[in-house]
Amino acid sequence: MLVLGIDTSCDETAAALLLDGRDILSSVVASQAIHAEFGGVVPEHASRAHIRLIAPIVEKAIEDAGKEASDLEAVAVTSRPGLVGCLLVGASYAKALAYSLGIPLVGVDHIEAHVFAARLERPEMRLPAICLVASGGHTELILVKDWGRYTTLGRTRDDASGEAFDKVGKLLGLDYPAGPAIEKLARGGNPKAFDFPRAMMQRGNFDFSFSGLKTAVRYAVEDRGGRPEGQEFTDFLASFQEAVVDALVTKTMWAAAEAGVPTVALGGGVAANTHLRERLTEAAERAGLDVVIPARSLCTDNGAVVAAVGQALLDRGITSGLDLDVSASREDARAGREGTA
Ligand code: KG4
Ligand code: ZN
């Protein structure tokens, strides 16, 4: 089955063609450069950029796959959570396309899509698994009992981990999104040079908090009258990155031990971070667990993971009607879904 996956939940306009739930025939992602000017995503700008980009991006995804629109057999689209104006663009386009082609439409949860990066990376991965979804909007530890059956064991109480990278980057004069820049600038730095706090580090607590870390960084900069320079700046960034990664890896491994799962996995934009990928791999290997680290292009927002969830829902007989609603949160907007689960 050939499924088109569309994601417009935040500042990336993404579309991909997925064959039979596992072969990515094409994946096109347009990152909206406009947000760098403002140091973060301005929702109205993002919606308008999606309106401009959605048709050309979907057309390019179809063309890159060597297919025609008439070859599509279903359309999957992120319907929650995300910026409502942004989600609306993708959902409206997906509805019109599915209707005009006479094919099923299916609304997809963005967090579940991030979890499915691991399944696309390694379809035969052993379940149950603990999946850490770390992105610009979310940081969640999810017990994947089976595909489609999840329990959230913990989540951030304030900033998401990607948000921590972006806000600290802004404080230090780096462009949005700052995650990739901090990773690059931290290379070769001493991660123990600065003693930044890790919050809520009691075993059995699977929630995260990154706002204290952000404040500690701000005070450190203020105390010295500006950001450090040279090697000290490299050490500063390496220490900050270490504080985020340490909390993420420690809690992922605690959750895996407590749940007694054979596998840990990563998803979300922060999962593109090399230090996080290496630290989780080492920790999992030490604990004798399988570890699934998806390709970076599957971790950051993309249409392929949306199509993969869509395929899994279609396999269970679940589709959405033209009344599919969008929502900023995860719980609402189930309206418009037909089927058995
Ligand atoms: O999943 P994603 O593409 O979009 C959301 O759903 O939010 O995640 C984007 C987030 C941004 O906060 C960005 O700074 C962060 O992921 N990010 C990184 C890296 N690449 C992207 N953070 C740390 N290191 C990276 N290499
Ligand atoms: Zn995302």
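Rundown of residues vs (1) surrounded by fewer than 21 Cβ atoms within 10 Å (Cβ to Cβ); (2) in a helix (DSSP H, G or I), yes/no style:
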{"site": "Glu258", "(1), (2)": "yes, yes"}
{"site": "Val261", "(1), (2)": "no, no"}
{"site": "Val264", "(1), (2)": "no, no"}
{"site": "Val270", "(1), (2)": "no, yes"}
{"site": "Leu276", "(1), (2)": "no, yes"}
{"site": "Arg279", "(1), (2)": "yes, yes"}
{"site": "Glu282", "(1), (2)": "yes, yes"}
{"site": "Glu285", "(1), (2)": "yes, yes"}
> When the residues of the stretch 226-256 are filtered to those that are in a loop (DSSP other than H, G, I, E, B) and charged (D, E, K, R), which remaining residue is nearest to Pro128 (Cα to Cα)?
Replying inline: Arg227
>> Looking at the stretch 14-57 only, could you name the residues that are touching a Phe, Trp or Tyr at 6+ places or on another chain (Cβ under 7 Å) and in a helix (DSSP H, G or I)?
In response: His35, Ala36, Ile54
> Going through the stretch 150-185 one residue at a time, which ones are near ligand 1 (Cβ under 9 Å from one of its atoms) and either among the aliphatic types (A, V, I, L, M) or not in a helix (DSSP H, G or I) (or both)?
Replying inline: Ala160, Ala164, Tyr176, Pro177, Ala178, Ala181, Ile182
>> Which of the numbered conditions does Thr151 fail, given that it passes all the others? Conditions: (1) under 24 Å from Thr300 (Cβ atoms); (2) surrounded by fewer than 18 Cβ atoms within 10 Å (Cβ to Cβ).
In response: (1)
>> Can you report the number of residues in the stretch 142-169 which are farther than 19 Å from Ala256 by Cα and touching a Pro at 6+ places or on another chain (Cβ under 6 Å)?
In response: 1
> In the stretch 55-86, which residues are within 16 Å of ligand 2 (Cβ to nearest atom), under 19 Å from Ile318 (Cβ atoms) and not charged (D, E, K, R)?
Replying inline: Ala76, Val77, Thr78, Ser79, Pro81
> How many residues are of a type in the set (Gly, Ala, Ser), away from ligand 2 (no atom under 15 Å from the Cβ) and within 21 Å of Val77 (Cα to Cα) if we restrict to the stretch 107-134?
Replying inline: 1
> If we scan the stretch 2-21, do we find a residue that is within 13 Å of ligand 1 (Cβ to nearest atom) and either at positive phi or assigned by TED's automatic domain parsing to the domain that holds Lys145 (or both)?
Replying inline: no
>> With the requirement that a residue be part of a loop (DSSP other than H, G, I, E, B), under 21 Å from Ala255 (Cα atoms) and more than 9 Å from ligand 1 (Cβ to nearest atom), what does the stretch 123-140 give you?
In response: Met125, Arg126, Leu127, Pro128
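Table: residues versus (1) free of Cβ contacts under 8 Å to residues at least 24 places away in the same chain; (2) closer than 22 Å to Glu140 by Cβ; (3) touching an Asp or Glu at 6+ places or on another chain (Cβ under 7 Å).
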site	(1), (2), (3)
Leu174	yes, no, no
Asn190	no, no, yes
Phe196	no, no, no
Asp207	no, yes, no
Gly225	yes, no, no
Thr234	no, no, no
Val244	no, yes, no
Ala255	no, yes, no
> In the stretch 1-28, which residues are surrounded by 24 or more Cβ atoms within 10 Å (Cβ to Cβ) and either more than 16 Å from ligand 2 (Cβ to nearest atom) or free of Cβ contacts under 8 Å to residues at least 24 places away in the same chain (or both)?
Replying inline: Val3, Leu4, Leu17, Leu18
> Restricting the search to the stretch 274-299, which residues are under 15 Å from Ile130 (Cα atoms) and among the small types (Gly, Ala, Ser)?
Replying inline: Ala283, Ala284, Ala287, Gly288
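The values are calculated or read from the model by the stated rules, or taken from the named source; none is laboratory data. Quick caveat: nothing in here was measured; it's all calculated off a predicted structure. Cβ sites come from the backbone with ideal geometry, for glycine too, and all protein chains shown count toward neighbours.
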